[in-house]
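Written out below as structure tokens is the structure these notes cover.
The values are calculated or read from the model by the stated rules, or taken from the named source; none is laboratory data. These numbers come from a predicted model, not from an experiment. Side chains included, ligands, DNA and RNA excluded: accessible areas come from the protein's heavy atoms. Shrake-Rupley method; radii C 1.70, N 1.55, O 1.52, S 1.80 Å.
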Amino acid sequence: MADIQLLRRVVAPNDGWYCIFSLLNGKAPRQDHFKTLEELQQEAVSLVAEGRDAYFSLGKFITKENREAENCGWMQAFFLDIDCGIDKATPDKYGRIKGYVDQATGMQALKDLCKALSLPRPTIVNSGRGLHVYWPLTEPISRKEWVNTAKRLKVVCNQEGLEDDPARTADAASILRMPDTFNHKTEPPLPVTVMVMGDEIS
């Protein structure tokens, strides 16, 4: 069964809407909003049974009309998306590298970043191929307050040379893979699991 314990820590409990997004073989996107995590969990179980990739939104939404950042009212974590794989570590036609050759190399880069910036120990999820990294907050904050710090985190990650996905770090509409589901970008599909449960921070 899809695990919602991580979601309890990283998604704001404020009144509003949770969001789950899924793909089937990289296509046929489906998106739904739910009032409770338990409802979202049941949907995730159905998505796994259908062989879909399941993602949850880090933002808590004011309405269920869309998953746009402007509709996000509250956040309760800062996060990074670190892609891994030979394809990600190989320069593209513009010479850009978008990740690390494997998870061990990505994990070492994350450790180096945390040491250089004196960051607290993060919560880390094995996304099947890469790493999803979270710093849960002890209480929710507004999207406007969140985005100011998230932009700073994005800048310092770039300055430190971390090869993360910069599109995720300061986007309140970001989605990341839900634990205890599967990453179908590989054959066979790889499980999405919590590797490290870090501390909450103020």
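Brief remarks follow.
- Exposure ranking of 68, 187 by accessible area [1.4 Å probe, largest first]: 187, 68
- For region 60-173, the convex hull spanned by the alpha carbon atoms encloses 121 Å³ per residue.
- Taking the accessible area of the chain, probe 1.4 Å, and keeping the other protein chains in place, the carbon and sulfur fraction comes to 51%.
- In summary, the lysines within cross-link reach of residue 115, defined as a Cα separation below 21 angstrom excluding same-chain residues under 8 places away, comprise 151, 154.
- Dividing the mean sequence gap of close Cα pairs (under 8 Å, 6+ apart) by how many residues the chain holds gives a relative contact order of 26 percent.
- Rg/Rh (Cα only; Kirkwood hydrodynamic radius) as it applies to region 37-100: 1.11
- Shape class for the chain, computed from the alpha carbon gyration tensor (a ≥ b ≥ c): oblate, with a/c not under 1.5 and a/b at or below b/c.
- Helical content alone sets the calculated 222 nm signal of the chain at -8500 deg cm²/dmol, taking -39,500 (n - 2.57) per DSSP H segment of four or more residues and averaging over every residue.
- Average accessible area per residue (Å²) across the chain - probe 1.4 Å, nucleic acids and ligands excluded: 49 Å²
- In terms of accessible area, using a 1.4 Å probe and ignoring ligands and nucleic acids, 143, 30 rank largest first as 30, 143.
- P(r) histogram, all alpha-carbon pairs of region 33-73 included - 5 Å bins from 0, percent: 5, 22, 27, 21, 17, 7, 1
- Partner lysines whose Cα lies under 17 Å from the Cα of residue 27, excluding those fewer than 8 positions away in the same chain, are identified as 185.
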